[in-house]
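> Quick one: structure below, then a few questions.
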Amino acid sequence: MNLEIETKNNGPKRLFVTGIGTEIGKTVCSAVLTKYFNADYWKPVQSGDLYFSDSQKIKEWVGEHTVCHSEAYRFQLAASPHQSAKEEGITIDLNEFKLPHTPNNFIVEGAGGLMVPLNDNEFIIDLIEKLNIPAALVVRNYLGCINHTLLSILTLAQRKIKLDYLILNGDFPQDTNRIICKNLPKETKIIRIPNIEKITKESIKNTVQQLEKIDS
């Protein structure tokens, strides 16, 4: 099964986009999902790049009509959220995160991977658990990605967080693809997103159209 995205569901689709690490294309994948599901978007914590934040990227890549909800925290330093917050004399409080009210489909994008710290005691996975929405795990091919993927899948399962989608972002060797896909929960669907050489509104649109063709 190359791709299977549910288009019929009970109520709005809600997903927390996380990854097996940093710099693996979570924001690009979030843009594709936001466009595909015609969804709202929320980045709870933005660390660094305030001049061109992930919310601004989504607006540029998906369209100005896209509803991007305000971040709960915005920090200047491009670092782990707990470090960025400390630089500004702030401690991130998990209770400050409230899922914005919307009748629309909803894409939430995390920071880094599951065990990225928000403060000294709580991590991104704690935020996913608090928001109580399924996860979409973004994977990109590199040496060690199998280990990082399977550990992430195991960690989600231990917390009883449903993994709705595994997103294979880019090209994968056959052997890597086989091992990862073989070890997915039965209910997890696979989305394959091709390499996007230049990220633009048009390239995101074209990628979504390819997904729709496969889904049909």
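The values are calculated or read from the model by the stated rules, or taken from the named source; none is laboratory data. Predicted model, so just to flag it, every value in this text is computed and none were measured. Every residue, glycine among them, receives a Cβ derived from its backbone with ideal geometry; neighbour counts consider all protein chains shown. When the accessible area is computed, the model is the full protein with side chains, heavy atoms only, and any ligands, DNA or RNA have been set aside. Shrake-Rupley method; radii C 1.70, N 1.55, O 1.52, S 1.80 Å.
> Could we say that Leu156 is over 18 Å from the mean Cα position of the chain (by Cα) and either closer than 30 Å to Glu129 by Cα or assigned to a helix (DSSP H, G or I) (or both) here?
no
Residues checked against (1) in contact with a Pro (Cβ under 6 Å, 6 or more places away or on another chain); (2) modelled with pLDDT of 95 or more; (3) within 22 Å of Ile180 (Cα to Cα):
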| site | (1), (2), (3) |
| --- | --- |
| His69 | yes, yes, no |
| Ala85 | no, yes, no |
| Phe97 | yes, yes, no |
| Ile107 | no, yes, no |
| Gly112 | no, no, yes |
| Ile125 | no, yes, yes |
| Glu129 | no, yes, no |
| Gly144 | no, yes, yes |
| Leu150 | no, yes, yes |
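> Please verify whether region 102-118 includes one or more residues that are assigned to a helix (DSSP H, G or I), open to solvent by 10 Å² or more (accessible area, probe 1.4 Å) and at negative phi.
No.
> Further question: Select from region 185-200 the residues that are under 18 Å from Gly21 (Cβ atoms) and free of Cβ contacts under 8 Å to residues at least 40 places away in the same chain and list them in ascending order.
The answer is Asn195, and nothing else.
> Can you pull out the residues in region 38-56 that are open to solvent by 20 Å² or more (accessible area, probe 1.4 Å), touching a residue at least 60 places away in the same chain (Cβ under 8 Å) and either within 13 Å of Val108 (Cβ to Cβ) or outside any strand (DSSP E or B) (or both)?
Asn38
> If you don't mind, another one. Mind listing whichever residues of region 162-216 are open to solvent by less than 40 Å² (accessible area, probe 1.4 Å), of a type outside the set (S, T, N, Q) and assigned to a helix (DSSP H, G or I)?
Ile180, Cys181, Ile204, Val208, Leu211
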